[in-house]
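K.L.:
Quick one: structure below, then a few questions.
Here, each number is a calculation from the coordinates, and none is a lab measurement. The structure presented is a predicted model; accordingly, all values stated were derived computationally and were not measured. Ideal geometry is used to build each Cβ from the backbone, glycine not excepted, and the neighbour counts take in all protein chains shown.
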Amino acid sequence: MSAEDMVKSRIMIIGATGNLGHHLATAALRSSHPTFALVRPSSFSDAVKSRTLATLSDAGLVIIKGSLEDEASLLEALRRVDVVICALPAKQALDQKLLIQAIKKVGSIKKFIPSEFGSDPDKAHVSSMSYGFYTRKSEIRRVIEAEAIPYTIISCNFYMSYLLHSLVQPGLMVPPRDEVTVFGNGNIRGVFVKESDVAAFTINAVDDPRTLNKVVYLRPPGNVYSMNELIEIWESKIGNKLKKKYKSEEELLAKIKETPYPDNMPFIFIYSTFIKGDQTYFEIEESGGLDGLTLYPNLAYTTISEYLDTLV
């Protein structure tokens, strides 16, 4: 049977009105998956969310009213689909617990893709200082494993909309053109992937048996750079050398400590990525994971250089 002849899984998106969620819904619809969204009743009274839902509905999305706190609505929704993708914000990660129990009870879900979509929480060196950002996600992994729910996890690292627009300069809205702060020695690499590309990789993984009970890591060439490399790319685009101001690990830790939560979270993520190397310190295959670009070598994606072109 060819890929074209395969019956496409029915996908339910949770969080379809969010930043990543609407990209997931759009990608699923474009790939001809019957696509559903579990939507809280309160979302319909929110002007922005209702507009997003109307646009997706016009494209073919089927809306199911329900919530993660209502087991009856979850069970009813789950019986209509094959795959569940959750795109909740990290602070709501633990809200997936009842959903996992419902998936277990229904027993017919072929794959659950939980709300991770960032750095691998099990490999982060900063869990103890992240205000639960990583520990909540790790806890959900353990629940999935304990219940033996079939899963795929997408580890996409940073979204391109986060930090890259300022060349990793918290507080700036655009990249600097004169002076730039380099955290650490500037040689540790991080990864940025555009949200629509994250969605495309995710939807490709839905019906791929290779991804069952695996973590799929996204590190596309052209999207993995150190701070020094990012600065060089930006300098070449604006035709100007930036003055570099280096901030040591100790100085960054002091900044994290003196800055109140949640304003210190960008500095924590910078520390995790560009000091501790949490996104790139391990080899994907040796970790038991899968490389998204190896799986889908023909999938087009936006590179960091292409993104920075839009900021010149």
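K.L.:
When the chain is modelled as a GNM with alpha-carbon springs shorter than 10 Å, which of Ser166, Ser67, Ser287 fluctuates the most?
P.N.:
Ser287
K.L.:
In addition: Viscosity 1.002 mPa s, temperature 20 °C: what is the translational diffusion coefficient of the stretch 259-304 from Stokes-Einstein with a Kirkwood Rh over Cα pairs, rounded to a whole number of µm²/s? Kindly include the intermediate steps, with their values, before the conclusion.
P.N.:
On the way: Rh = 13.2 Å.
The diffusion coefficient I find is 162 µm²/s.
K.L.:
For the chain, what is the relative contact order in percent, using Cα pairs closer than 8 Å and at least 6 residues apart in sequence?
P.N.:
Values: 543 pairs, mean separation 53.2, N = 312.
That works out to 17 percent.
K.L.:
Continuing with this model, one more query. What trypsin sites (Lys or Arg not before Pro) in the stretch 220-312 are in a loop by DSSP, with at most 12 other Cβ atoms within 10 Å of the Cβ? Mind dumping the intermediate values first?
P.N.:
Values: sites: Lys237, Lys241, Lys243, Lys244, Lys245, Lys247, Lys255, Lys257, Lys276; in loops: Lys241, Lys276.
Filter output for the stretch 220-312: Lys241.
K.L.:
Filter the chymotrypsin sites (Phe, Trp or Tyr not before Pro) in the stretch 45-145 to those in DSSP coil with at most 16 other Cβ atoms within 10 Å of their Cβ, and list the result.
P.N.:
Working: sites: Phe112, Phe117, Tyr131, Phe133, Tyr134; in loops: Phe117, Tyr131.
When the chymotrypsin sites (Phe, Trp or Tyr not before Pro) of the stretch 45-145 are filtered for loop state and at most 16 Cβ neighbours within 10 Å, Tyr131 remain.
K.L.:
What value in Å³ per residue do you get for the convex hull of the alpha-carbon atoms in the chain? Walk me through the numbers before you get to the answer.
P.N.:
Values: hull volume 43.6 nm³, N = 312.
That works out to 140 Å³ per residue.
K.L.:
Shifting gears a bit: Volume per residue, Å³, of the convex hull around the alpha-carbon atoms of the stretch 1-72? Don't jump to the answer; show the numbers that get you there.
P.N.:
Working: hull volume 6.5 nm³, N = 72.
About 90 Å³ per residue, rounded to a whole number.
K.L.:
If you don't mind, there's one more thing I want to ask. If you average 1/r over every pair of different alpha-carbon atoms in the stretch 42-165 and take one over that average, what Kirkwood value in Å do you get?
P.N.:
Working: mean 1/r = 0.0625 Å⁻¹.
Evaluated on the stretch 42-165, it is 16.0 Å.
K.L.:
Also, I was wondering about something else. Considering the dipole of the stretch 58-112 built from charges on the beta carbon (Lys and Arg +1, Asp and Glu -1) around the Cα centre, which of Leu94, Gly66, Val106 is farthest to its positive end?
P.N.:
Of the listed residues, the answer is Val106.
K.L.:
Follow-up. Which lysines does Lys214 reach when only Cα atoms under 29 Å apart count, and residues fewer than 8 places away in its own chain are ignored?
P.N.:
Filter leaves Lys8, Lys91, Lys97, Lys104, Lys105, Lys110, Lys111, Lys123, Lys137, Lys194, Lys276.
K.L.:
Kyte-Doolittle mean at least -0.5 and Cα extent at least 15 Å along the axis: which DSSP H helices of the chain qualify? Intermediate values should be presented prior to the final figure.
P.N.:
On the way: long enough: 47-58 (17 Å, 0.04); 133-147 (22 Å, -0.86); 195-206 (17 Å, 0.76); 227-238 (16 Å, -0.03).
What comes out of the filter, once short or polar helices are dropped, is 47-58, 195-206, 227-238.
K.L.:
When each pair of different Cα atoms in the stretch 74-143 is counted once in the 1/r mean, what is the Kirkwood radius in angstroms, to one decimal? Present the calculation step by step, with values, prior to reporting the outcome.
P.N.:
On the way: mean 1/r = 0.0781 Å⁻¹.
Across the stretch 74-143, the inverse of the average 1/r is 12.8 Å.
K.L.:
Please build a GNM for the chain, connecting alpha carbons under 10 Å apart, and tell me which residue among Leu242, Leu212, Leu24 fluctuates the most.
P.N.:
Of Leu242, Leu212, Leu24, the Gaussian network model singles out Leu242 as fluctuating most.
K.L.:
Of the candidates Gly288, Gly186, Gly277, which one comes out as most mobile in a Gaussian network treatment of the chain with C-alpha springs shorter than 10 Å?
P.N.:
Result for the chain, Cα springs under 10 Å: Gly288 fluctuates most.
K.L.:
Could you calculate the FRET efficiency of Lys104 with Asn240 from 1/(1 + (r/R0)^6), where r is the beta carbon distance between them and R0 is 45 Å, rounded to 0.05?
P.N.:
Numbers: r = 57 Å, r/R0 = 1.27.
The computed FRET efficiency comes out at 0.20.
K.L.:
At 37 °C and 0.692 mPa s, what whole-number value in µm²/s does Stokes-Einstein give for the translational diffusion of the stretch 137-207, with Rh from the Kirkwood sum over Cα pairs? Could the numbers behind the result be given before it?
P.N.:
Details: Rh = 15.1 Å.
The calculation lands on 217 µm²/s.
K.L.:
Using only alpha carbons, build the gyration tensor for the stretch 189-244 and give me the equivalent ellipsoid semi-axes, biggest first, whole Å. Can you show the working numbers first?
P.N.:
Details: eigenvalues 224, 25, 9 Å².
After diagonalising the Cα gyration tensor, the semi-axes are 33, 11, 7 Å.
K.L.:
What relative contact order, as a whole-number percentage, does the stretch 211-312 give when Cα pairs under 8 Å and 6 or more residues apart are counted? Walk me through the intermediate numbers first.
P.N.:
Numbers: 58 pairs, mean separation 50.9, N = 102.
Over the stretch 211-312, the number comes to 50 percent.
K.L.:
Where the centre of each part is set by its Cα atoms, how far does the stretch 270-312 sit from the stretch 130-155, in angstrom?
P.N.:
That distance is 21 Å.
K.L.:
Right, next: Where does the chain land at 222 nm, in deg cm²/dmol rounded to the nearest 500, when only DSSP H runs of n ≥ 4 count, each adding -39500 (n - 2.57), divided by all residues?
P.N.:
Values: 11 runs with 105 residues, N = 312.
Calculated mean residue ellipticity at 222 nm is -9500 deg cm²/dmol.
K.L.:
Over all directions, how big on average is the projection of the convex hull of the alpha-carbon atoms in the stretch 215-277, in square nanometres?
P.N.:
On the way: hull surface 24.3 nm².
Mean projected area of the Cα convex hull: 6.1 nm².
K.L.:
Something else: Run a plain Debye calculation on the stretch 163-312 (Cα atoms as equal point scatterers, no solvent) and give log10 I(q)/I(0) at q = 0.10, 0.12, 0.20 Å⁻¹, rounded to two decimals, same order as the q list.
P.N.:
Treating every Cα as an identical point scatterer, log10 I(q)/I(0) equals -0.40, -0.57, -1.26.
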